[in-house]
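Values in this text are rule-based calculations from the coordinates and carry no lab data. Bear in mind that the values here come from a model prediction, so they are computed numbers and not experimental data. No Cβ is skipped: glycine too gets one built from the backbone with ideal geometry, and neighbour counts run over all protein chains shown.
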């Protein structure tokens, strides 16, 4: 398994739990998975990165693209539980001020 | 220059992961810490992805990219060589991380991260090849010959109101007792006859360590001083009692108690 995405539809929120490695070979798969929820009008999205051991800029690019999309639909894409390394990369790209980031999934889901 | 590790991959995104694994292994072998290893992995991933997405976009299969790793004096060096069209990523402007969401362009972040995650980057056009060289500094401790070589081997000491506090640590055996002796002697030679030896971090003391303490204690006493011991772990106390040293030395539960006893004697 390189990357696995577990998807759960909650009352107000669409939750995606990502496990493994997100790079240029599979980042679009992550983006398309989120797109399908947004297509169905679910614009409040939580991306739990707790299981992500590695993410390259390809993954960030998809996250930013989907964020723009859900914001236009009046929703938000919020991040939960990034590892120290992924958090550092988000900060380097200035994305820590663009995404709402929560230490736990419960807090991210509860923020909607 | 250390051993050179070399990997050749086909110019396809699916192969980048192998190159990442290769670089991670080499970076770990070069003693980089977990964070620096991650930085190397990501820098290489971004560099290879750039080469493949830009340089090879219109080429058929069969193109290859070479990745090598080695260490020079104080840097871990990753070299990426491809035979795509001339492309110097360093000439391209990096995106601005302070940009608002709607102003953000999707491209350019690869080279941005390469710059951010390494300590230096160089580009060379060598014949018909592009060469990108990434440098990551090695931890300071292993630069040139190891830590504190040639320095005096002494345990830490601290002066408080003319008294000296000595902090030996670890095992005081035939290997380390000379270091304790050297530490204590140099204090006596500087005229410091009142010594507090805080033994809290001492895990074991052999007869060689005991001998040093007694010898120094005698000399301190001859000069009107003393050696106060504190913070002995239970196992050390046991050893002291076994050889009757508990009758010889003033022993205190901790350094503060030893200091308080000293001020009462003044």
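Rounded to the nearest 5, what % of DSSP beta bridges with both residues in the protein assembly as shown are antiparallel? Before the final figure, lay out each step's value.
Values: 39 of 69 bridges.
Just about 55 percent of them are antiparallel.
For residue B:214 paired with residue A:36, estimate the spin-label separation in nm (one decimal), with each label point 7 Å from Cα along the Cα-to-Cβ line.
Label-label distance for residue B:214 and residue A:36, simple model: 8.1 nm.
Antiparallel DSSP bridges in chain B: what percent, to the nearest 5? Could the numbers behind the result be given before it?
On the way: 32 of 46 bridges.
Here the antiparallel bridges make up roughly 70 percent for chain B.
For chain B, count the residues as N, evaluate 2.2 N^0.38 Å, and divide the Cα radius of gyration by that value, please.
Working: Rg = 30.1 Å, N = 266, 2.2 N^0.38 = 18.4 Å.
In units of the 2.2 N^0.38 Å rule of thumb, it is 1.64.
What shape does region A:3-110 take by its C-alpha gyration tensor, where a ≥ b ≥ c are the square roots of the eigenvalues and a/c under 1.5 counts as rounded, a/b above b/c as prolate, and the rest as oblate? Don't jump to the answer; show the numbers that get you there.
Numbers: a/c = 1.36, a/b = 1.26, b/c = 1.07.
Because its axes are fairly even, with a/c under 1.5, region A:3-110 counts as rounded.
What is the spin-label model distance, in nm, from residue B:182 to residue B:207 if the labels are put 7 Å beyond Cα along the C-beta direction?
2.4
Averaging over every viewing direction, what projected area does the convex hull of the Cα atoms of the protein assembly as shown cover, in nm²?
Values: hull surface 110.7 nm².
For the Cα atoms of the protein assembly as shown, the hull's average projected area reads 27.7 nm².
Nearest 0.05, what FRET efficiency do residue B:91 and residue B:153 give at R0 = 56 Å with Cβ-Cβ as r?
Values: r = 52 Å, r/R0 = 0.93.
Using R0 = 56 Å, I get an efficiency of 0.60.
Which distance in nm do the two modelled labels at residue B:73 and residue B:173 give, with both placed 7 Å along the Cα-to-Cβ direction?
Placing both labels 7 Å along Cα→Cβ, they lie 3.8 nm apart.
When A:11, A:68 are ordered from fewest to most other Cβ atoms inside 10 Å of their Cβ, what list results? It would help to have the intermediate numbers written out before the result.
On the way: A:11 7, A:68 15.
Ordered from fewest to most neighbouring Cβ atoms within 10 Å, A:11, A:68 come out as A:11, A:68.
Pop the C-beta distance of residue A:68 and residue B:261 into the FRET formula with R0 = 45 Å and round what comes out to the nearest 0.05. It would help to have the intermediate numbers written out before the result.
Values: r = 71 Å, r/R0 = 1.58.
The pair residue A:68/residue B:261 has a calculated efficiency of 0.05.
Rounded to the nearest 500 deg cm²/dmol, what is the calculated helix-only ellipticity per residue at 222 nm for chain B, with -39500 (n - 2.57) per DSSP H run of length n ≥ 4?
Values: 7 runs with 92 residues, N = 266.
Rounded to the nearest 500, it is -11000 deg cm²/dmol.
For B:235, B:262, what's the fewest-to-most ordering of other Cβ within 10 Å of each Cβ?
Numbers: B:235 12, B:262 18.
In increasing order of surrounding Cβ atoms, one gets B:235, B:262.
Treating the angle as unsigned and between 0 and 90°, give the value, to the nearest 10°, between the Cα long axis of helix B:34-50 and the longest Cα principal axis of chain B.
Orientation of helix B:34-50: about 10 degrees from the principal axis.
What ranking of A:61, B:259 emerges when the number of other C-beta atoms within 10 Å of each C-beta is taken as an exposure proxy, fewest first? Can you show the working numbers first?
On the way: A:61 21, B:259 17.
Least crowded to most crowded, the residues run B:259, A:61.
Taking Cα atoms, how many degrees apart are the long axis of helix B:13-29 and the longest axis of chain B, rounded to 10 and kept between 0 and 90?
Helix B:13-29 sits roughly 20 degrees off the main axis of chain B.
Angle, helix B:255-265 long axis vs. longest principal axis of chain B, Cα atoms, 0 to 90°, nearest 10?
It works out to around 30 degrees.
If a paramagnetic tag sat 7 Å from the Cα of residue B:99 along the Cα-Cβ line, which residues of region A:70-112 would have the backbone N under 17 Å from that point?
Under cut-off, by backbone N: A:90-99.
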